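The structure under discussion appears below in the form of structure tokens.
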Amino acid sequence: MRKIYALIALMLLAVCPKAMAQEEENPTEEKTIAWSAKANYYSAALDKDFESEIVAYTDSTYAIKGIYGSEKDIEFTIDNESVVEGVPEVVLTNYYSAQAPYYYFSAGDYSLCAYYDKGKGYTGWEGEGEEPGLWFYAYLYDKDNNYIAGGYDYITWNKEDIVVPGEKKEAWSAPANYYAEAIDKNFESKIVAYTDGTYAIKSIYGSEYDIEFTIDNESVVEGVPEIVLTNYYSAQAPYYYFYGGDYSLCVYYDKGKGYSGWEGEGDEPGLWFYVYLYKGEEYLGGGYDYITWNKEDVTGITAVKQNATSDRIFSISGIEYTNKTNLPAGLYIKNGKKFIVK
């Protein structure tokens, strides 16, 4: 379908007229995210790819974030009543100037003049396809307003990367080593972080059982946040009981006392908690269970450590940070990139 519209580009021989109006920053009211996904932004004019993000809102509007590697966005709606060759057109909405059919946008070191003539197929939406994406025709200028070239901007993403706020979906994972101090033994395991801010330790004690937990960044002992285990089958605080295949675990957790800890963003990432260990009715001893992994083995994050201040950054659980303040430790998304702040 995109090849069909590539032929249309041959008809656009003229360069956009220059925008007469100056750019104005118009505040936009806060919207609620329906879903988002990291995306690839391809510029035919430059024959270059940029990391981006596609965001859908609950009011049926959309945004392409991080266009041309900048902090600028393009917002749009889908015109399901204007369908060309089976493909709905998209209508770009947050231009800073318009001389129809030319619509002007800023993009960091570039300026875009998007061409939109309703019903002619110069824009398109295939967001529900097997290879979801959208496109529009743009004349591109450099920061000195020199014309570069015209061509289609394609924004594509993978369905597997779509994140719904509040939905539990894997954000990143890594193979891990599970060491049980009580029996001085190692087991193969896995650490998984989810998009709702929860975590899981998979295959504890070599079994099919998992331990789930959250990080309590408000309870920090000697600089280390505590972790709170959440999927125990029985609890008599401060004792929490878990299955571990041939073993039973009684985890001791007393908030603020440092019996559990999270160093997942450290140079040697890991976590720990204190366990009384049983095999059947036999008490085997007490000790710490340590789960460790290598940063190089982490998959699903493009950067595992970054000192950052907030500037339209979202936590993996969907919280938006908009002020220039230091971010608390955690997993974040900016322009489609996931990174951890230590």
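The values are calculated or read from the model by the stated rules, or taken from the named source; none is laboratory data. Please read these numbers as outputs of a predicted model, since none were measured by experiment. All Cβ positions, glycine included, derive from the backbone under ideal geometry; neighbour counts span all protein chains shown. Heavy atoms of the whole protein, side chains included, go into the accessibility calculation; ligands, DNA and RNA do not. Shrake-Rupley method; radii C 1.70, N 1.55, O 1.52, S 1.80 Å.
The residues packed around residue 46, meaning those with a beta-carbon under 15 Å from its beta-carbon, carry a net charge of -4 if Lys and Arg are +1 and Asp and Glu are -1. Could you tell me which of rounded, prolate or oblate describes the stretch 30-113, using a ≥ b ≥ c as the square roots of the eigenvalues of the alpha-carbon gyration tensor, with rounded for a/c under 1.5 and, failing that, prolate when a/b is larger than b/c and oblate otherwise? It is rounded, given that a/c, with a ≥ b ≥ c, falls under 1.5. Summing charges over all other residues whose Cβ lies under 13 Å from the Cβ of residue 77, with Lys and Arg as +1 and Asp and Glu as -1, gives -3.
Of the listed pairs 202/295; 38/120; 169/255, which have alpha-carbon separations greater than 19 Å here? Beyond 19 Å between Cα atoms: 38/120; 169/255. Distance between the pseudo-spin-label points of residue 94 and residue 149 (7 Å out from Cα toward the beta carbon): 2.8 nm. Over the stretch 114-230, the Kirkwood radius and the radius of gyration, each from Cα atoms, give a ratio Rg/Rh of 1.26. Computed from the alpha carbon atoms alone, the convex hull of the stretch 243-293 holds 88 Å³ per residue. Computed over the alpha-carbon atoms, the stretch 164-252 gives an Rg to Rh ratio of 0.97, Rh here being the Kirkwood radius from the mean inverse distance. Applying 1/(1 + (r/R0)^6) with R0 = 41 Å to the Cβ-Cβ distance of residue 46 and residue 297 gives a FRET efficiency near 0.75.
Partners of residue 159 within straight-line reach, counting aspartates and glutamates whose Cα lies under 14 Å from its Cα and excluding those fewer than 8 residues away in the same chain: 53, 126, 128, 130, 131, 170.
Per residue, the solvent-accessible area of the stretch 56-143 (1.4 Å probe, heavy atoms of protein chains only, all protein chains present) comes to 40 Å².
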